[in-house]
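Here's the structure, in structure tokens; my notes come after.
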Amino acid sequence: FEMSEHRIHYYAPKILNHYNINPNNVELCLGSFYDLKLTDNTLDFIVLCQAYHHADDPKRLLKEIHRVIKDAGYLIIIGEHFFDFKIVFKKSIKHIIKFILDYNDFRKDRNFMPKWSDSFPPSITKGDIHYSKNEYMNTFSLEGFITKRKIFRKYKNQGYLLKKNKKLV
């Protein structure tokens, strides 16, 4: 499911062709990933490529995916933002310095130690939400998935392999 007609009609056929995937074996759908309009337990796997961090309601998204994916199904999430220790440390130090100096009334509504969202606020223009590792892992677990994480440092992103946890079904 994709909300962009341009991506469905222009990019998707090129990607299928590149990987020698028969387009007759794939159904490309225009719509919202919050409402997949599929029967329960019908898909073997779902791939979200540079999409999850655009979900402003990730629990709702995962509930919908959990509904349509088979018991032995997988969810592959790739292209998620990754911030290494150096970046997190730098942003934390900047926050603490601004807090101590009370730069432009910086202390108002802030703690000494920054929250993740203080250091990595959502980008309104890009529609990106920068989830922390804990936010990813806790949400995946609470919504019934067993998760493995892979970091791609060269590309400054990360991916997740989620398997539907039959025990929580």
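The values are calculated or read from the model by the stated rules, or taken from the named source; none is laboratory data. No experiment lies behind these values; they were computed from the predicted model shown. In this analysis, Cβ positions are derived from the backbone assuming ideal geometry, glycine residues included, and neighbour counts consider all displayed protein chains. We work out accessible area using only protein heavy atoms, side chains counted, and drop any ligands, DNA or RNA first. Shrake-Rupley method; radii C 1.70, N 1.55, O 1.52, S 1.80 Å.
Quick notes on this one:
- Rounded to the nearest Hz, the phi-derived 3J(HN,Hα) couplings of the stretch 46-51 under the Karplus curve 6.51 cos²θ - 1.76 cosθ + 1.60 (θ = phi - 60°) are 9, 10, 10, 10, 6, 10, where x marks glycine and proline.
- The chain - percent of accessible surface contributed by carbon and sulfur, probe 1.4 Å: 55 percent
- P(r) tail fraction, the stretch 14-93 - alpha-carbon pairs more than 15 Å apart, %: 68 percent
- For the chain, diffusion coefficient by Stokes-Einstein and Kirkwood Rh (Cα), 37 °C, 0.692 mPa s, µm²/s: 181 µm²/s
- Computed over the stretch 63-145, the P(r) tail beyond 23 angstrom holds 41 percent of alpha carbon pairs.
- Centroid-to-centroid separation of the stretch 102-169 and the stretch 21-50 [C-alpha atoms, Å]: 24 Å
- Dipole magnitude of the chain about its Cα centre (Cβ charges: Lys, Arg +1; Asp, Glu -1), debye to nearest 20: 820 debye
- Extension gain for Lys70-Ile96 works out to 4.7 nm (0.36 nm per residue, less the C-alpha to C-alpha distance).
- Three-way shape label, the stretch 1-58, alpha-carbon gyration tensor, a/c 1.5: oblate
- Accessible area (Å², per residue) of the chain, counting only protein heavy atoms and a probe of 1.4 Å: 70 Å²
- Comparing Leu62, Leu101, Leu36 in a Gaussian network model of the chain where C-alpha atoms under 10 Å apart are linked, the largest mean-square fluctuation is found at Leu101.
- Near His53: Cβ cut-off under 12 Å, other residues only, Lys/Arg at +1 and Asp/Glu at -1. The net charge is -3.
- Phi angles of the stretch 62-72 translate, via the Karplus equation with coefficients 6.51, -1.76, 1.60 and θ = phi - 60°, into HN-Hα couplings of 5, 4, 5, 5, 4, 5, 8, 8, 5, 4, 9 Hz per residue; Gly and Pro are given as x.
- Extending 7 Å from Cα along the Cβ direction at His9 and again at Asp84 yields two label points whose distance is 4.2 nm.
- Nearest-ten-degree value, helix 85-101 long axis tilted from longest Cα axis of the chain: 40 degrees
- Sequentially through the stretch 5-11, phi angles give Karplus couplings (6.51, -1.76, 1.60; θ = phi - 60°) of 4, 4, 5, 5, 8, 9, 6 Hz, Gly and Pro residues having no value and appearing as x.
- Cut-off 13 Å between beta-carbons: net charge of the residues surrounding Ile93, Lys and Arg +1, Asp and Glu -1: +4
- Residues with amide H under 5 Å from that of Gly79, placed H, sequence gap 5 or more: Gln50, Gln158
- With Cα atoms, 0 to 90° folded angle of helix 133-142 axis to the chain main axis: 50 degrees
- Adding -39500 (n - 2.57) for every DSSP H run of four residues or longer, then dividing by how many residues the chain holds, sets the calculated 222 nm ellipticity at -8500 deg cm²/dmol.
- DSSP-loop chymotrypsin sites (Phe, Trp or Tyr not before Pro) across the stretch 26-71, with at most 16 other Cβ within 10 angstrom: Tyr34
- Beta bridge orientation in the chain: antiparallel %, DSSP, nearest 5: 70 percent
- In this structure the amide hydrogen of Ile46, modeled in the peptide plane, comes within under 5 Å of the amide hydrogens of Tyr74, Leu75, Ile76, none closer than 5 places in sequence on its chain.
- On the beta carbon distance between Asn134 and Lys37, with R0 = 35 Å, the FRET formula returns roughly 0.65.
- Net charge of neighbours whose Cβ lies under 15 Å from the Cβ of Asn111, counting Lys and Arg as +1 and Asp and Glu as -1: +3
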